[in-house]
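Novice: This is the structure, below, for whatever I ask next.
Every read-out reported here was derived from the displayed coordinates using simple, explicitly stated rules and does not represent laboratory data. Since the model is a prediction, treat every value here as computed from it, not as a measurement. Note that each Cβ is placed from the backbone with ideal geometry, even for glycine, and that neighbours are counted across all protein chains shown.
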Amino acid sequence: MEPLTAEDTLAARDATRKIIAQIERVMVGKHDVIELLVMALLARGHILIEDIPGVGKTMLAKATARAVGGSFKRIQFTPDLLPGDVTGLSIYNQKTTEFLFNPGPIFANVVLADEINRATPKTQSALLEGLEEAQVTVEGTTRPLPKPFFVLATQNPVEFRGTYPLPEAQMDRFFMRLRLGYPQPSEEIELLERHHNAVARQDGRGSENQAGELLKQVEPALSIEDVHLLQMVHARIHISAAVRRYIVSLVNATRTHVRVLQGASPRASLALQRAAQSVALMAGREFATPDDVKLVAPHILPHRLILHEEAGGDVSETLIASLLEEVPVEV
């Protein structure tokens, strides 16, 4: 593998900035979240957005698909959704007397798995193979998913009615867990203004599709083939032995902590390495540093931990913050 040049990484950095700029045409005050989302896209990871309804999760997914020039599908998870509704199934054709495969909505470049924790565990598990291996097996036949393949799953807080907690195996397959949160008052005022202007542009057609009008402002920053090339550049970002030792030390600290019942898996170590490469690429560097690891660890590790019951509440984020202070960086 040939080493990257400064020109390669600077061109890749500029390309990621174009994606971010397009998404920000409809997402107000969410620059940090959008940056993390693009990091996951570069690293071929998937995002779990955990937040209350109405903060822009669906708009973020649709804007991402438009910005990268990819196909988009939405899966609305409900208690009666079946695995075949996600992956697809074979339907008998009476004319040809053959079974023809009808692809499910998972066959797209960007997939929004909306309110994933409203579906039963059996249906949730239909995503597992796709998240990990970018393929699905239906009725004994394995079919590859489009490249690139990027899932944004959303879930409401588990205390909401009609929700099922995601199993640990599925949580571990999500590259990052993000939260959008409420906008600041000034940002919410700007949001109201943008929606008002979108309705006004509809020339009397009504306000039913104001979100669609807003999304028209998002233009493809790249082609889907360009995104695939960016992912290949990302894979060539150099990771030194010192950075790898720091990643392993940090992950191992989660496994030995007295408050942790089950620490982060080796999949988490791989995710930290890939995320650090994303940070480096978006900074225009050919190499990752321990500081890159520290930047992304709060979004990579907390959702993978299982704490002892006596720990009380969701303190995994606080625990990771303390470990980042305690675990030394060895040269």
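Novice: Run the reach check for Lys62 against lysines, Cα to Cα strictly under 28 Å, same-chain hits fewer than 8 apart removed. What comes back?
Specialist: Lys18, Lys30, Lys73, Lys122, Lys147, Lys216
Novice: To the nearest 0.05, what FRET efficiency results for Ser265 and Lys73 with a Förster distance of 35 Å applied to their C-beta separation?
Specialist: Between Ser265 and Lys73 the formula returns 0.75.
Novice: Only bridges whose two residues both fall in the chain count here: according to DSSP, what percent of them are antiparallel, nearest 5? Don't jump to the answer; show the numbers that get you there.
Specialist: Values: 12 of 29 bridges.
Approximately 40 percent, going by the DSSP bridge assignments.
Novice: Quick one: Thr142, Thr289, Thr9, fewest Cβ neighbours within 10 Å first, how do they rank?
Specialist: In increasing order of surrounding Cβ atoms, one gets Thr142, Thr289, Thr9.
Novice: Quick query: amide H of Val327 versus all other amide H atoms, modeled in the peptide plane; which residues come in under 5 Å with a sequence gap of 5 or more or a different chain?
Specialist: The answer is none.
Novice: Arrange the peptides 295-304, 116-125 so that the one whose residues have, on average, the most other Cβ atoms within 10 Å appears first.
Specialist: Numbers: 295-304: 22.3, 116-125: 19.5.
Output ranking for 295-304, 116-125: 295-304, 116-125.
Novice: If you don't mind, another one. Which whole-number percent is the relative contact order of the chain (Cα, under 8 Å, 6+ apart)? Let's see the in-between values first.
Specialist: Numbers: 566 pairs, mean separation 78.0, N = 331.
Relative CO of the chain lands at 24 percent.
Novice: Something else: Considering amide H positions built from the backbone, and no H for Pro or chain starts, which residues 5 or more places from Val136, or on another chain, come under 5 Å of its amide H?
Specialist: Residues meeting the criterion, in which the H sits 1.01 Å from N, are Arg143, Leu145.
Novice: Non-local amide H neighbours of Ser90 (under 5 Å, H modeled in plane, Pro and chain starts lacking H): which ones?
Specialist: Amide H to amide H, under 5 Å and 5 or more residues apart or across chains, Ser90 pairs with Asn102.
Novice: Here is a further query. Modelling each spin label as a point 7 Å along the Cα-to-Cβ direction, I'd like the Thr141/Val248 distance in nm, to one decimal.
Specialist: Going from the Thr141 label point to the Val248 one covers 4.4 nm.
Novice: OK, next. Ordered by packing density, taken as the mean number of other Cβ atoms within 10 Å over each peptide's residues, highest first, how do 280-288, 213-221 rank? Don't jump to the answer; show the numbers that get you there.
Specialist: Details: 280-288: 20.2, 213-221: 16.9.
In descending order of packing, they fall as 280-288, 213-221.
Novice: Using the Kirkwood formula over every pair of different C-alpha atoms, what hydrodynamic radius in Å results for the chain?
Specialist: Numbers: mean 1/r = 0.0473 Å⁻¹.
It is 21.2 Å.
Novice: Given segment 237-326, report the % of alpha carbon pairs whose separation exceeds 17 Å.
Specialist: Working: 1769 of 4005 pairs.
The share of Cα pairs beyond 17 Å in segment 237-326 comes to 44 percent.
Novice: Could you compute how fast segment 1-117 diffuses translationally, taking Rh as the Kirkwood radius over C-alpha pairs and applying Stokes-Einstein at 25 °C with viscosity 0.890 mPa s? Give it in µm² per second. Provide the component values of the computation, followed by the final result.
Specialist: Values: Rh = 16.7 Å.
So the translational diffusion coefficient is about 147 µm²/s.
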